[in-house]
There are 2 protein chains.
Amino acid sequence: MDAAYPAPKPGPGEALIRVTLAGVCATDLEIAKGYMGFKGVPGHEFVGVIEECADERLFRKRVVGEINIGCGRCEYCSHKVENHCPSRKVLGILGKDGAFAQYLTLPFRNLHPLPESITDEAAVFVEPLAAAYEILEQVRVNDETRVCVLGDGRLGLLVAQVMASTDCSLLVIGRHEEKLSLLKARNIPCRTSPDGLGKQFDLVVDCTGSGDGLSTALDLVRPQGTVILKTTGAERNGADLNRLVIDEVTLLGSRCGPFQPALQALEENRIDVRPLVSKVFRMDDGLEAIEYASRKGVLKVLIRME
Amino acid sequence: MDAAYPAPKPGPGEALIRVTLAGVCATDLEIAKGYMGFKGVPGHEFVGVIEECADERLFRKRVVGEINIGCGRCEYCSHKVENHCPSRKVLGILGKDGAFAQYLTLPFRNLHPLPESITDEAAVFVEPLAAAYEILEQVRVNDETRVCVLGDGRLGLLVAQVMASTDCSLLVIGRHEEKLSLLKARNIPCRTSPDGLGKQFDLVVDCTGSGDGLSTALDLVRPQGTVILKTTGAERNGADLNRLVIDEVTLLGSRCGPFQPALQALEENRIDVRPLVSKVFRMDDGLEAIEYASRKGVLKVLIRME
């Protein structure tokens with residue numbers, strides 16, 4: 001988090017981006033504790049301005065960026081799933097310096113120019129919001145689908161809004177009345193306990209980031225239903241996977257997602273991310289920002305880089 | 001395992017069946033150790049003859065039977081998935097005396113008359129073979145699907161043959177050369193170690209019944225691939241489910257399956273179950289049969305009830 005950190009040099013096909021605003025994600029907190037063994041500059045949620053770029057049309061554009069950088073040659077890259085390229089780099093997570101610095105580089109193809117109507121404070125949510133939209137790429141949801149979102153943290157509140165934007169029947173279970181009130185204000189049904197609900201949901205999305213989340217999800221999902229695991233980092237040793245066999249449940253991991261629906265939802269004001277910002281720090285106070293983001297009850301912490 | 005155990009009285013819609021041959025399954029061994037807290041007569045793999053039945057056409061027929069008995073009224077029963085009826089009974093497993101006795105009762109709708117060409121010794125495999133066929137109800141397999149079956153036990157050898165009956169590309173990984181030789185004789189590629197294979201399989205079926213199976217499956221499944229858990233009883237606490245999230249893997253539990261394709265495969269000699277019989281015991285030696293079935297290296301143990 002040092003303004004003097006040397007600006008990276010863009011490689012072939014890459015742009016140099018001056019970061020204006022970055023977001024702190026639970027993964028950054030896990031990385032700070034050693035997750036992924038990553039040694040570079042962390043940070044993967046950002047808004048920035050292109051400062052150097054071979055494609056003149058992109059010059060000075062305000063952008064957000066997809067964080068997976070595939071090799072471009074393998075089976076996955078050639079099928080447009082470079083998110084799963086075995087030799088991928090991931091911005092601020094794996095082999096690629098990230099957004100908690102004044103500059104970063106990313107391939108042109110990873111960048112999405114921002115419409116003026118999306119503020120920096122909203123645009124910094126595009127990456128986690130895209131991760132929430134990944135669910136709709138993985139499972140079909142219609143007006144008969146009973147969905148339960150577990151967790152009212154940063155990601156849970158985004159996932160809840162994405163699911164509410166479909167015509168499914170939705171219930172969110174969190175632990176914090178003040179966080180759930182953000183959803184209640186949008187007429188999303190919420191509870192603070194799963195007690196007494198039984199196995200009634202077709203789809204349960206575990207956004208708790210806690211080891212108990214999977215067990216609770218298995219208490220709530222119907223036989224032959226689906227549980228989506230949306231967070232890494234948690235130790236989930238407590239869950240009895242025999243329940244998966246007996247009830248023939250599908251357990252589905254879900255990671256990064258498509259930027260386009262996230263951008264469109266923000267542009268059309270269908271998702272409200274403003275109440276999710278707990279505090280904005282200056283770049284010089286970056287370490288404090290990370291510490292603050294790890295406190296209980298804190299939602300999204302942003303770091304202004306300019 | 002007492003011939004003097006009183007014959008059960010068939011309820012409405014049920015038939016009384018004289019058991020002629022029963023098979024010992026890993027679940028029976030788990031039940032003997034306390035799994036499911038079941039207190040009645042165990043045994044759910046059987047062949048028998050109908051001795052008492054309101055439907056005259058079924059009288060004296062040789063039959064096998066589906067083991068889940070739904071309530072007939074709930075959401076699951078009305079959608080023909082009574083295997084998942086929340087108040088179901090399960091023959092020899094849950095609330096219903098099973099096949100390790102001279103007689104059992106089952107609803108007519110659970111019974112499948114046997115063609116003459118299927119011997120008792122083959123027919124007793126219909127239930128576990130149906131469980132193997134359940135996989136093909138759950139996932140699509142074609143000539144581009146790379147499938148790995150883990151485990152060369154009773155269920156693994158059936159699942160391997162079912163997968164080999166599709167046009168997928170198949171590899172079986174087991175630990176016992178003598179068991180794998182049964183598959184090699186059918187030109188099914190086998191190995192005794194997963195080392196060096198990497199994440200190359202679209203579908204991995206864990207039939208190991210061991211706690212390590214899931215971890216090995218996650219070593220072998222490609223990103224966005226599918227792992228099927230086919231056995232209960234194992235403690236699977238060792239597997240890091242974060243890998244599921246990062247690779248967006250689908251983990252799918254699989255239990256009982258359709259009898260029809262299993263019967264047809266046996267009738268057409270497409271699946272060979274004869275080499276899977278390790279030993280046949282007499283009813284009076286039933287306890288010895290259970291003990292023998294739990295020994296390492298033993299495949300299917302049968303108990304002749306007449």
Quick one: what pairs do we get from region A:239-261, first residue more than 7 Å from chain B (Cβ to nearest Cβ) and over 18 Å from A:Thr226 (Cβ atoms), second of a type in the set (S, T, N, Q) and in a helix (DSSP H, G or I), C-beta under 6 Å, 6+ apart or different chains?
A:Cys256/A:Asn83
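Can you say whether A:Phe46 is under 26 Å from A:Ala26 (Cβ atoms), surrounded by 14 or more Cβ atoms within 10 Å (Cβ to Cβ) and modelled with pLDDT under 95, as far as the supplied structure shows?
Judged against the criteria, A:Phe46 is not a match.
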Can you tell which of B:Gly23, B:Gly40 is in contact with a Gly (Cβ under 9 Å, 6 or more places away or on another chain) and crowded, with 21+ Cβ neighbours inside 10 Å?
B:Gly23
Name the one entry in A:Asp206, A:Asp212 that is touching a residue at least 24 places away in the same chain (Cβ under 8 Å), open to solvent by less than 40 Å² (accessible area, probe 1.4 Å) and of a type in the set (Asp, Glu).
A:Asp206
Tell me whether region A:258-267 contains one or more residues that are at pLDDT 95 or above, acidic (Asp, Glu) and exposed (fewer than 13 other Cβ atoms within 10 Å of the Cβ).
no
Restricted to region A:98-144 and to residues being small (Gly, Ala, Ser) and part of a loop (DSSP other than H, G, I, E, B), the residue farthest from A:Thr27 (Cα to Cα) is A:Ser117
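Within the group B:Pro223, B:Pro194, which residue is within 9 Å of another protein chain (Cβ to nearest Cβ), over 19 Å from the mean Cα position of the chain (by Cα), at pLDDT 95 or above and crowded, with 16+ Cβ neighbours inside 10 Å?
It is B:Pro223.
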Where B:Asp212 falls short, out of the listed (1) more than 11 Å from chain A (Cβ to nearest Cβ); (2) closer than 16 Å to B:Val147 by Cβ
(2)
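The values are calculated or read from the model by the stated rules, or taken from the named source; none is laboratory data. Quick caveat, the model's predicted, so the values are computed rather than measured. Virtual Cβ from ideal backbone geometry, glycine too; neighbours counted across all protein chains shown. The protein model used for the area step is the full one, side chains on, heavy atoms only, and it has no ligands, DNA or RNA in it. Shrake-Rupley method; radii C 1.70, N 1.55, O 1.52, S 1.80 Å.
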